[in-house]
Amino acid sequence: MPTEPLSRTRIVAAAIDLIEREGADAVSMRRIAADLGVGVMSLYNHVPNKDALLNGVAEAVLSQIEFTDDPDAHWTDRVRMQARAFRQIAHGHPRSTMLVVSRQLHSNAGLLPVERALATLRSAGFDGVDAVRVLRMFIAYIVGSLLREVGVTPTFVPPRQHLVNPDDVDPTLFPEVNGLAPLLSSCDHDADFDFGVELLIQAIAVLPKRKREGTR
């Protein structure tokens, strides 16, 4: 069968595959060329350098977000849908997710989630300042959740690891840690994520009302 022509799309796909197998540190132009069975210099006809390649990976992953936004829904429901849609990238591409959350992207794929979130918040009555602050707060929460889910941060690690062994904890010095050790060492990512989103929504829901009443 004829070999598929080399293209930016094919190069980025090879990088994603390598990242998911071995992590982002394994990516180099030489390694990608070897995986594709082409000369390394041929890559530069499509991708100028490694940094551009990693941006391409992040953009490709972001472009796979499936937004099911309903403009007629209440803004709180729209925020829930958008947050869950963004989180889905960690399921299909857990290691590549780290590039998404660590790189500042100005492409359409990178700006679309920002535009949708800001439009939702503005239509809910938030002024520009609060809309941007709320967006940043949600991004911080979602990024933190994604980092934990893919096993990057050690605090409250996934259930495949054991954070606390009750037998190793002095119940006199740390009674709560000892008593809650089974819960600390287990994690329902879906339930934890939804719990956090609900807390944030309930907290920010009072902002438009407070402003209409003229209080801070």
Take the chain, connect every pair of alpha-carbon atoms lying under 10 Å apart with a spring to form a Gaussian network, then pick out the residue of T68, T120, T172 with the largest mean-square fluctuation. T172
For the chain, with equal point scatterers placed on the C-alpha atoms only and solvent neglected, what are the log10 I(q)/I(0) values from the Debye formula at q = 0.14, 0.17 1/Å, to two decimals? -0.95, -1.14
Per residue, how many Å² of accessible area does the chain show with a 1.4 Å probe? 58 Å²
If you project the alpha carbons of region 1-52 onto the principal axes, what extent comes out on each, in Å, largest first? 30, 24, 16
Karplus couplings for region 17-22 from phi (6.51 cos²θ - 1.76 cosθ + 1.60, θ = phi - 60°), rounded to Hz, Gly and Pro as x? 4, 5, 4, 5, 7, 10
Counting only protein heavy atoms and using a 1.4 Å probe, what share of the accessible area of the chain belongs to carbon plus sulfur, as a whole percent? 55 percent
Most mobile of E20, E115, E176 per a Gaussian network model of the chain (Cα springs, under 10 Å)? E176
Taking a ≥ b ≥ c as the square roots of the eigenvalues of the Cα gyration tensor of region 1-116, is the shape rounded (a/c under 1.5), prolate (a/b larger than b/c) or oblate? prolate
Using R₀ = 22 Å, calculate the FRET efficiency as 1/(1 + (r/R₀)^6) where r is the Cβ-Cβ separation of A191 and E115; round to 0.05. 0.15
Local electrostatic count at V114 - Lys and Arg +1, Asp and Glu -1, tallied over other residues with Cβ under 15 Å: +3
For the chain, with a Gaussian network of springs between Cα atoms less than 10 Å apart, report the residue from L147, L184, L53 with the top mean-square fluctuation. L184
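The values are calculated or read from the model by the stated rules, or taken from the named source; none is laboratory data. The model shown is predicted, which means the values in this text are computed figures rather than measured ones. Neighbour counts run over all protein chains shown; Cβ positions are idealised from the backbone, glycine included. Just so you know, the surface numbers come from the protein's heavy atoms only, side chains and all, with ligands and any DNA or RNA stripped out. Shrake-Rupley method; radii C 1.70, N 1.55, O 1.52, S 1.80 Å.
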